[in-house]
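The values are calculated or read from the model by the stated rules, or taken from the named source; none is laboratory data. Just so we're clear, the structure is a prediction, and the values are computed from it rather than from any experiment. For neighbour counting, all protein chains shown are included, and Cβ atoms are generated from backbone atoms with ideal geometry for every residue, glycine included. Surface accessibility is based on the protein's heavy atoms, side chains included, excluding ligands, DNA and RNA. Shrake-Rupley method; radii C 1.70, N 1.55, O 1.52, S 1.80 Å.
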Amino acid sequence: MPTAGVCTLCGAPIPSGQAVEGSFCCAGCARVHEVLANLPPDAHAAYVAAARRLGLIATAQAAREQTVETDAAASPTHPEARRETRFRFGGLACPSCSWVAEQVLLACPGVEKATVDFFSGTGLVRYDMRRTAPDRLAETLKPLGYRLGELSETEGLRPSQGLTFSFVAAAILTMNLMSLSTLRYFERHGGLDAAPEEIKWLEFLLAAPVVWLAWLPIARRAWQGFRRGATTMDALIAIGSGAAFILSLAALSVGRDEIYFETFAGLVTISLLSRLIEARLRDKTFADLATLLRMPVSRVRKIEADGKIVYPGVDSVRPGDRIVFAAGDVVPFDGDAASGGATVSEAVLTGEPRPRQKAAGDAVIAGSSVVEGSLTLAVRRRFDETRLHHIAASLRQALAAGEERLRSADRVARWFTPLVLAIAFLAWAARVVVFGWAYAFSAEGWFPSIAVLAVACPCAFSLAGVSALTAATGALLKRGILVKDAVQLEELNRVGRVVFDKTGTLSEGRMSVERLVWRGPPQPALLPLVLAAEAGSGHPVAAALRQHLEAHAAVLPEGEIIDKPGEGRLLQMADRTFTVGSAGLFEEAFTPDGADERHTLVWFGENGRAAGCFVIADALRREAKEALGRLASDGLKLELISGDRQAACDWAARSLGVPQVRGGATLDDKVLRMAELKRAGETAAFVGDGTNDALAMSAATVSVALAKSTDEALAAAGFILLHGDLKALPDLFAAGRRLTHVIRWNYVWAFAFNTLFIPVAALGELLPVAAMALMLVSSTAVLLNANRLRRRLI
């Protein structure tokens, strides 16, 4: 491939047109060279020579050989040159900001992907380390008022923190401006003989900081949108308030009295207040999320092999390490208790409010807190592999996906903003035509146009969807429902049918012995033989037998185990053969009283005659009937499809009141059923927990998994019931209906507001400050409606 020479530091070939700072292959080499260049010359040479000897940077010969190789190792798309990093973004004032930041980053050389999430204040950037670096990305965003930093550096910042200072400062300056401007108004209307001339310049001095604090960030975002061919909602505020400031400054410079700095300050301050109210709503939501996702430990106490205590960082802990936690500590790993006695609360993920005492060998999940005693943990999974970490990642992805789908402000602004600008211009032009050019730059001429821009700001459109989405996501999480795919929140209202898997979803998912029935007098001496025959079997029925008979495991007889696939096992001993399994293995079996189609029957005995029978069942969840009853009463159709026997599925359906049932279904059958419903125009949800459910969940419009589902099912699910309780399912669908209702009314309100007041402003019947105040009322009404949704869902 064509090259632009070799790197000054490492000697690697530089692809044509991709040189960094003129003579380096990547930003890393440029930074290292900068450090070396500031060292004494002899030290510089020594470091470079040592690096070449160690092979850390190429020799001249290696560089020449490398230039004739293919571009596999030098291409900017080489996997080793890529890095995908999540950053914290500061200065995002509205949903438009995330779009602007994404576009700016994507325009940077070397950036392949940029996704910025407004509501979490984080973003994922994939970039080529040889062409750019995080500090360069931060410098690119800095002129726009956006800050980019490592996620850990600013994790504790609240979304409203920066806005609070700007608003308070701007509000104080605006109040003083309005106080001073009243003196000029009194003079104009005869209430004061003469106001001091210096007041006008003092007003300018007070308005100037407001330009820096509040107007410039808005103007930067608007300008960035214009440069990229898009008009955001910031454009209306920037143009309207900016015009008031510029025309007032022009009047001041020529000695005219038409000075309205207080109007400018009032417009941008009220705009800041609207954004602050929105940010406070996000504060509340993220306070809820932080309760689940925070991990307030960076170092832990690790026991070395020699018994010494060291304090490594959380990221350096590996499986097998032994970590000690004291009372009050939060556990950041999945593991097993190495010693008993500690009382641990797992409410963060299980929802169980009562702390439990852990015995040696008991599982402990990440996010648990030690309530009492000392816990020694044998680590099974690092933090970045734990369920808690996966939930956090899923939540971030859900918020980002939902915001992309619901980012209504920019969609509306693309046609709405040019329309409003045209109306504002026509309102001004009409006055010029009627009253002449002398009227063009007077307050009476341009005030109505500014009022149009102020009242038409589509902030309410912007907030209508995303505020309700954020409120619902946080509230559902607090109720134990993780929203993995926020787009599915919109679809919940359309769901008319809920399809359930049986085993592990409507049932407990584990076989258990319901009772033991003897053919004649009990023969307890046979029970150790059952245990011996089922030793080592991975079948769920065998596991149920072993659990039921664990008290008989003291002394087990020896013998050869013979498998009978699909039937059972034989235990061949020196003097006899013992049989455990289905009725087909016995010449004389019997039917125990009370057994029905839901039961699995396992006989045992000797010499072809069954001495006893275990009645085994997969019990239904205690809350399943109530949960499905609530769904049916809400008008949802219910269906059961399972790979279990038809008889067992029929019994479960009758017990739970499910009218439509299919047993013996394969994985493909489940997927085809969901596709069939979709072709019929029916919006369906699938609730499952197993690997064989994952494809059907992916094919469904809405998919729900329980907390203890397989990894494949959890990955495919749009929602996860963290507490594993089906009673949360009706709450989820009810939340979807409420969310849709709130979003619709928010949009109706925002549209009706603009439709009503834009003509009023264009006719000159509305002052700009009053128009901005009305815009604040509109945005606040939308936010309060979203907050009402949050309170109703908690």
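Details
- Prolate/oblate/rounded call for the range 612-711, Cα gyration tensor, a/c under 1.5 rounded: prolate
- Structure note, pairs Lys637/Lys727; Lys502/Lys670; Lys478/Lys670; Lys478/Lys708; Lys564/Lys708; Lys113/Lys478: Cα-Cα distances above 22 angstrom occur for Lys478/Lys670; Lys564/Lys708; Lys113/Lys478.
- Local electrostatic count at Phe264 - Lys and Arg +1, Asp and Glu -1, tallied over other residues with Cβ under 14 Å: -2
- 23 Å Cα-Cα reach of Lys302 towards lysines, excluding residues that sit fewer than 8 places from it in its own chain: Lys358
- Probing with 1.4 Å while keeping every protein chain in the model, the per residue accessible area of the range 646-780 equals 41 Å².
- In terms of Cα atoms, the Rg and Dmax of the range 494-636 work out to 18.6, 67 Å.
- For the range 655-741, taking the reciprocal of the average inverse distance between every pair of different Cα atoms yields a Kirkwood hydrodynamic radius of 13.7 Å.
- Under the simplified labelling scheme, the Trp201-Leu784 pair shows an inter-label distance of 4.5 nm, with each label point 7 Å from Cα along Cα→Cβ.
- 12 Å reach of a label modelled at Gln523, 7 Å along Cα-to-Cβ, counting backbone N of the range 603-624: 604-613
- A simple spin-label model places pseudo-atoms 7 Å from Cα toward Cβ; at Trp749 and Ala430 they are separated by 2.9 nm.
- Model label sites at Arg494 and Ser23, defined 7 Å from Cα along the beta-carbon direction, differ in position by 6.0 nm.
- For Asp329, distant residues with modelled amide H under 5 Å away: Val370
- Using a cutoff of 8 angstrom between alpha carbon atoms and counting only pairs six or more residues apart, the relative contact order for the range 563-684 works out to 16 percent.
- Less than 5 angstrom separates the built amide H of Gly612 from those of Arg519, Phe604, all sequence-distant by 5 or more or on a different chain.
- Counting only Cα atoms, the size of the range 560-610 along its three principal axes is 37, 20, 12 Å, in decreasing order.
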